[in-house]
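Inspection log for the structure reproduced underneath, given as structure tokens.
The values are calculated or read from the model by the stated rules, or taken from the named source; none is laboratory data. Small disclaimer: the values here were computed from a predicted structure and weren't measured. Cβ atoms come from the backbone with ideal geometry, glycine included; neighbour counts cover every protein chain shown. Each accessible area value is taken on the protein alone, full model and side chains, heavy atoms only, with ligands, DNA and RNA left out. Shrake-Rupley method; radii C 1.70, N 1.55, O 1.52, S 1.80 Å.
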Amino acid sequence: MERGAGLKIEEPLQLTDRVNRISVSPTMAVLQEAEKYKARGINVVDFGPGEPDFPTPEHIKRAAIKALEENKTKYTAAPGIPPLRQAICDWHAANLGSSPAYQPAECVVTSGGKHAIFNAICALVGHGDEVLIPAPYWVSYPDIVKYAGGKPVFVPTRAEDGFRLRAANLEGAITPRTRMAIVNSPNNPTGAVIRPEEFAKISEVCRREGIWLLSDECYSHFTYGSAKPFTVASVAGSRERLIIAGSFSKTFAMTGWRMGYLLAPQPLIAAVTKLQSQSTTNATSIVQYAALEAARGPMDSVWAMLAEYTLRRERILNGLRAIPGITCTAPEGAFYVFPSISQHFTADMPSDTAAAQQLLEREHVSVVPGEAFGAPGCVRISYATSLERIEEGLRRFARFFGNTSGKSQ
């Protein structure tokens with residue numbers, strides 16, 4: 001019917017190309033699906049969330065309350081309050097070894113680590129630019145690159161190498177269109193940790209080829225065995241095209257507070273500040289004062305979390321490896337294991353996505369499919385949950401995969 005004839009015609013919603021290029025975060029989709037089961041009163045073992053199950057330390061919470069009581073609730077400067085920017089620079093030098101220490105003009109405070117990465121990519125990546133992303137990768141990297149108009153180029157890593165990125169592999173993927181490489185160590189989802197000497201080689205490749213190196217240090221302080229907290233900003237001559245993305249979320253159990261930062265050359269920080277001034281303006285004022293206390297305060301809570309994660313890591317590794325047909329590389333950092341389950345695929349369960357769905361439906365265990373991370377055949381399991389829940393989850397895993405192992409392939 002024609003317009004104006006009394007019947008309203010609903011026009012389809014027209015969205016921009018930049019929004020149509022991206023998808024909903026797969027990890028958020030898994031979380032939402034698990035919540036539906038929980039809302040029905042079902043006992044779900046939730047291995048999906050990528051966040052600490054520990055509370056934010058008391059001294060950090062008290063700092064936020066104090067800031068609220070003192071009415072520190074106004075706008076702040078777009079790059080963050082000066083004391084916090086200085087404290088972040090000092091904390092990074094003291095705890096990760098950046099040398100020389102960054103200066104406040106080389107720091108911008110963001111609303112979480114994801115926001116820091118988003119701003120850096122939007123400031124540097126244009127249409128047709130290629131961004132190298134080692135796989136497996138954190139789910140948001142490709143979509144942020146695509147939103148900015150860039151092209152994600154995946155650089156495979158191997159389970160036999162502990163999923164560690166090699167400088168030679170990165171160099172082999174560089175083309176005249178390459179603008180940036182994103183490196184995440186410790187890695188989400190694999191827990192891989194790049195050794196300092198290899199990281200220095202990666203930095204040198206990027207410097208020599210004139211591309212930006214974005215180092216995501218979200219899990220910097222959760223390392224095991226011989227792996228230690230490290231920043232590539234401690235490597236001499238690395239800083240000209242280096243971007244450090246940091247987060248308070250994991251280190252200080254502050255995921256919901258949304259607090260992160262970028263450390264980078266001053267001209268890039270100025271560009272990100274300009275972008276931020278036209279979008280979020282500033283990170284929440286009271287959260288900045290809580291972060292100030294976190295950066296200046298003790299690290300005791302971090303070491304307590306790490307000690308607990310170490311116990312959980314050992315238990316879940318042993319439990320998974322005891323299930324026939326499941327193989328699992330030992331993570332050297334973060335709080336995830338990334339087992340291969342492909343030996344259990346059947347005509348009725350042909351992929352990790354199908355396996356994750358059936359695990360939730362039949363055993364009420366929530367995991368994230370490896371396909372979301374560019375690694376079909378695996379699933380990501382977070383051990384940021386209690387040992388009791390890990391034990392229950394392992395029992396359900398063993399029962400589920402025991403029931404699938406005998407089915408026809």
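Given C-alpha coordinates of the range 190-336, what is the ratio Rg to Rh with the Kirkwood estimate of Rh?
Over the Cα atoms of the range 190-336, Rg/Rh equals 1.02.
Step through the table entries Lys74/Lys146; Lys61/Lys250; Lys114/Lys250; Lys66/Lys274, compare each Cα-Cα distance with 23 Å, and write down the pairs that go over it.
The answer is Lys74/Lys146; Lys66/Lys274.
Which value, in debye to the nearest 20, describes the size of the charge dipole of the chain about its Cα centre when Lys and Arg Cβ atoms bear +1, Asp and Glu Cβ atoms bear -1, and nothing else is charged?
Here the size comes out at about 240 debye.
Which of the GluC sites (Glu not before Pro) found in the range 7-58 are in a DSSP loop and have at most 10 neighbouring Cβ atoms, other than their own, within 10 Å?
Taking the range 7-58 and a limit of 10 other Cβ atoms within 10 Å, the loop GluC sites (Glu not before Pro) found are Glu10.
State whether the chain is rounded, prolate or oblate according to the following rule on the C-alpha gyration tensor (a ≥ b ≥ c being the square roots of its eigenvalues): a/c under 1.5 gives rounded; otherwise a/b larger than b/c gives prolate, and the remaining case gives oblate.
rounded
Distance in nm between label sites at Ala105 and Arg296, each 7 Å beyond Cα in the beta-carbon direction?
Those two pseudo-labels are separated by 2.4 nm.
State the answer as a single residue: which of Leu31, Ile326, Leu360 lies farthest towards the positive end of the charge dipole of the chain, with beta carbon charges of +1 for Lys and Arg and -1 for Asp and Glu, about the Cα centre.
Leu31
Taking R0 as 25 Å, what FRET efficiency do you get between Thr175 and Arg18 from their Cβ-Cβ distance, rounded to the nearest 0.05?
0.60
Estimate the FRET efficiency between His127 and Glu209 by the formula 1/(1 + (r/R0)^6), using the beta-carbon distance for r and 25 Å for R0, to the nearest 0.05.
Approximately 0.75, to the nearest 0.05.
Would you grab the residues whose amide H sits under 5 Å from the one on Arg380? Only those 5+ places off in sequence or on another chain, please, with H modelled 1.01 Å from N.
Hits under the 5 Å cutoff: Val368, Gly370.
Per residue of the range 150-160, in order, report the coupling 6.51 cos²θ - 1.76 cosθ + 1.60 (Karplus, θ = phi - 60°) as ³J(HN,Hα) in whole Hz, putting x for Gly and Pro.
x, 10, x, 10, 8, 10, x, 10, 10, 4, 5
Can you run phi through the Karplus equation (6.51, -1.76, 1.60; θ = phi - 60°) for the range 334-351 and list ³J(HN,Hα) in whole Hz, with x for Gly and Pro?
Karplus values, whole Hz, x for Gly and Pro: 6, 9, 10, 10, 9, x, 8, 10, 4, 5, 9, 5, 9, 4, 8, 9, x, 8.
Treating only the Cβ of Lys, Arg, Asp and Glu as charged (+1, +1, -1, -1), what charge dipole size does the range 130-174 show about its Cα centre? Round to the nearest 20 debye.
The dipole magnitude comes to about 40 debye.
Taking 0.36 nm per intervening residue step and subtracting the Cα-Cα distance, what contour gain separates Glu11 from Ile65 on full extension?
14.7 nm
Determine how large the accessible area of Phe47 is when every protein chain is in place; take a 1.4 Å probe and give Å² rounded to the nearest 10.
Solvent-accessible area, nearest 10 Å²: 0 Å².
Considering Cα pairs under 8 angstrom that are at least six residues apart, work out the relative contact order of the range 189-339 and quote it in whole percent.
29 percent
At a threshold of 8 angstrom on Cα-Cα distance, excluding pairs fewer than six apart, so keeping six or more, what relative contact order does the chain reach in percent?
23 percent
Convex hull over the alpha-carbon atoms of the range 37-105: what's its volume per residue in Å³?
About 194 Å³ per residue, rounded to a whole number.
Check which residues have an amide H placed less than 5 Å from Thr110's amide H, if you skip close sequence neighbours.
Here the answer is Gly260, Tyr261, Leu262, since their amide H atoms fall under 5 Å of that of Thr110.
Over its Cα atoms, what ratio of radius of gyration to 2.2 N^0.38 Å does the range 250-409 give?
1.35
Mind putting a number on the dipole of the range 251-409 about its Cα centre? Charges go on the C-beta only, +1 for Lys and Arg and -1 for Asp and Glu, and I need it in Debye to the nearest 20.
60 debye
Taking the dipole about the Cα centre of the chain, with the C-beta of Lys and Arg at +1 and of Asp and Glu at -1, give me whichever of Phe345, Met259, Met299 is farthest to the positive side.
Met259
Would you work out which of Gly80, Ser98, Phe54 lies farthest towards the positive end of the dipole of the range 39-113, given +1 charges on the beta-carbon of Lys and Arg and -1 on that of Asp and Glu, about the Cα centre?
Checking the options against the dipole of the range 39-113, the answer is Gly80.
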